[in-house]
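The values are calculated or read from the model by the stated rules, or taken from the named source; none is laboratory data. Predicted model, so just to flag it, every value in this text is computed and none were measured. All Cβ positions, glycine included, derive from the backbone under ideal geometry; neighbour counts span all protein chains shown.
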Amino acid sequence: MTYAEKLRDPRWQRKRLEIFERDDWRCCSCHRTDKNIQVHHAVYARRDPWEYPNELLQTLCEDCHQERQEITDKAVDALRIALMHLPTVRMGQVAQDICAAAMERITQ
(Lines give C-alpha, C1' and ligand atoms only; values in the text may rest on other atoms or scores of the structure.)
Protein backbone atom coordinates (compact mmCIF):
# COMPACT_ATOMS: atom_id res chain seq x y z
CA MET A 1 0.00 0.00 0.00
CA THR A 2 1.41 3.39 -0.97
CA TYR A 3 1.51 6.27 1.52
CA ALA A 4 -1.21 8.06 -0.49
CA GLU A 5 -3.40 4.95 -0.19
CA LYS A 6 -2.74 4.80 3.55
CA LEU A 7 -3.95 8.39 3.90
CA ARG A 8 -7.26 7.33 2.32
CA ASP A 9 -7.58 4.34 4.65
CA PRO A 10 -10.63 4.55 6.98
CA ARG A 11 -8.38 3.97 10.01
CA TRP A 12 -6.38 7.10 9.18
CA GLN A 13 -9.51 9.09 8.35
CA ARG A 14 -10.97 8.24 11.80
CA LYS A 15 -7.71 9.12 13.58
CA ARG A 16 -7.42 12.35 11.59
CA LEU A 17 -10.92 13.46 12.58
CA GLU A 18 -10.18 12.55 16.21
CA ILE A 19 -7.11 14.82 16.18
CA PHE A 20 -9.03 17.68 14.50
CA GLU A 21 -11.77 17.43 17.12
CA ARG A 22 -9.27 17.27 19.99
CA ASP A 23 -7.56 20.42 18.66
CA ASP A 24 -10.91 22.20 18.14
CA TRP A 25 -10.47 22.29 14.35
CA ARG A 26 -7.77 24.98 14.59
CA CYS A 27 -4.05 25.19 13.90
CA CYS A 28 -2.06 24.47 17.07
CA SER A 29 0.57 26.99 15.97
CA CYS A 30 -1.22 30.09 14.62
CA HIS A 31 -4.68 29.15 16.03
CA ARG A 32 -6.46 30.08 12.82
CA THR A 33 -9.62 28.29 11.78
CA ASP A 34 -10.01 29.76 8.29
CA LYS A 35 -7.18 27.83 6.61
CA ASN A 36 -6.82 24.29 5.30
CA ILE A 37 -5.80 22.08 8.24
CA GLN A 38 -3.70 18.92 8.26
CA VAL A 39 -2.48 16.45 10.84
CA HIS A 40 1.24 16.75 11.52
CA HIS A 41 3.27 13.76 12.73
CA ALA A 42 5.89 15.06 15.17
CA VAL A 43 8.04 12.04 14.34
CA TYR A 44 8.08 9.45 11.60
CA ALA A 45 8.74 5.82 12.29
CA ARG A 46 8.19 2.72 10.24
CA ARG A 47 4.51 2.39 11.04
CA ASP A 48 1.19 3.20 9.48
CA PRO A 49 -0.08 6.77 9.99
CA TRP A 50 -2.96 5.66 12.25
CA GLU A 51 -0.64 3.71 14.58
CA TYR A 52 0.97 6.81 16.13
CA PRO A 53 -0.10 7.82 19.64
CA ASN A 54 -2.28 10.93 19.66
CA GLU A 55 0.36 12.79 21.69
CA LEU A 56 2.63 12.76 18.62
CA LEU A 57 -0.01 14.22 16.29
CA GLN A 58 -1.19 17.81 16.03
CA THR A 59 -3.41 19.91 13.82
CA LEU A 60 -1.56 22.48 11.73
CA CYS A 61 -2.69 24.71 8.89
CA GLU A 62 -1.02 24.05 5.56
CA ASP A 63 1.35 27.03 5.95
CA CYS A 64 2.43 26.18 9.52
CA HIS A 65 2.80 22.50 8.54
CA GLN A 66 5.17 23.39 5.71
CA GLU A 67 7.12 25.82 7.88
CA ARG A 68 7.32 23.30 10.75
CA GLN A 69 8.64 20.65 8.36
CA GLU A 70 11.31 22.98 6.97
CA ILE A 71 12.44 23.98 10.49
CA THR A 72 12.46 20.35 11.61
CA ASP A 73 14.58 19.35 8.62
CA LYS A 74 17.11 22.10 9.45
CA ALA A 75 17.16 21.10 13.13
CA VAL A 76 17.76 17.44 12.24
CA ASP A 77 20.62 18.43 9.94
CA ALA A 78 22.15 20.58 12.70
CA LEU A 79 21.85 17.74 15.20
CA ARG A 80 23.46 15.30 12.78
CA ILE A 81 26.37 17.69 12.30
CA ALA A 82 26.71 18.22 16.07
CA LEU A 83 26.77 14.46 16.68
CA MET A 84 28.84 13.32 13.72
CA HIS A 85 32.10 13.03 15.67
CA LEU A 86 30.67 11.16 18.66
CA PRO A 87 31.35 7.44 18.85
CA THR A 88 28.27 5.48 17.77
CA VAL A 89 27.71 4.03 21.24
CA ARG A 90 27.75 7.49 22.82
CA MET A 91 25.51 8.88 20.07
CA GLY A 92 23.01 6.10 20.75
CA GLN A 93 22.90 7.04 24.42
CA VAL A 94 22.45 10.74 23.61
CA ALA A 95 19.58 9.89 21.26
CA GLN A 96 17.89 7.74 23.91
CA ASP A 97 18.25 10.51 26.49
CA ILE A 98 16.78 13.12 24.14
CA CYS A 99 13.86 10.87 23.21
CA ALA A 100 13.13 9.98 26.82
CA ALA A 101 13.15 13.65 27.86
CA ALA A 102 10.89 14.60 24.95
CA MET A 103 8.40 11.81 25.67
CA GLU A 104 8.32 12.77 29.34
CA ARG A 105 7.43 16.36 28.43
CA ILE A 106 4.72 15.20 26.02
CA THR A 107 3.02 12.96 28.57
CA GLN A 108 3.01 15.50 31.43
Self-check item: Residues of the stretch 26-55 that turn out to be aromatic (Phe, Trp, Tyr) and either in contact with a Gly (Cβ under 9 Å, 6 or more places away or on another chain) or without any contact (Cβ under 8 Å) to a residue 40 or more places away in the chain (or both), as a count
Solution: 2
Practice problem: For the stretch 47-82, enumerate the residues that are of a type in the set (Val, Ile, Thr), surrounded by 10 or more Cβ atoms within 10 Å (Cβ to Cβ) and part of a helix (DSSP H, G or I). | Solution: Ile71, Thr72, Val76
Quiz item: Are there any pairs with C-beta distances below 7 angstrom linking a residue in the stretch 70-90 that is among the aliphatic types (A, V, I, L, M) to a residue that is surrounded by 10 or more Cβ atoms within 10 Å (Cβ to Cβ), with the two at least 6 apart or on different chains, and if so which?
Solution: Leu83/Met91; Leu83/Val94; Leu86/Val94
Self-check item: Condition check for Tyr44: of a type outside the set (Asp, Glu), under 24 Å from Tyr3 (Cα atoms), out of contact with any Ser or Thr (no Cβ under 7 Å at 6 or more places or on another chain) and surrounded by 13 or more Cβ atoms within 10 Å (Cβ to Cβ)
Solution: no
Quiz item: Has the stretch 84-102 got at least one residue that is of a type outside the set (Phe, Trp, Tyr), within 23 Å of Asp9 (Cβ to Cβ) and either in contact with a Leu (Cβ under 9 Å, 6 or more places away or on another chain) or at pLDDT 85 or above (or both)?
Solution: no
Quiz item: What residue, of Ala100, Ala95, is farther than 30 Å from Glu21 by Cβ and among the aliphatic types (A, V, I, L, M)?
Solution: Ala95
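Okay, residues lined up against (1) touching a Cys at 6+ places or on another chain (Cβ under 6 Å); (2) under 23 Å from Arg105 (Cα atoms); (3) not aromatic (Phe, Trp, Tyr):
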{"residue": "Tyr3", "(1), (2), (3)": "no, no, no"}
{"residue": "Glu21", "(1), (2), (3)": "no, yes, yes"}
{"residue": "Cys27", "(1), (2), (3)": "yes, yes, yes"}
{"residue": "Trp50", "(1), (2), (3)": "no, yes, no"}
{"residue": "Thr59", "(1), (2), (3)": "yes, yes, yes"}
{"residue": "Arg68", "(1), (2), (3)": "no, yes, yes"}
{"residue": "Arg80", "(1), (2), (3)": "no, yes, yes"}
Quiz item: In the stretch 1-38, how many residues are surrounded by 14 or more Cβ atoms within 10 Å (Cβ to Cβ) and of a type in the set (S, T, N, Q)?
Solution: 2
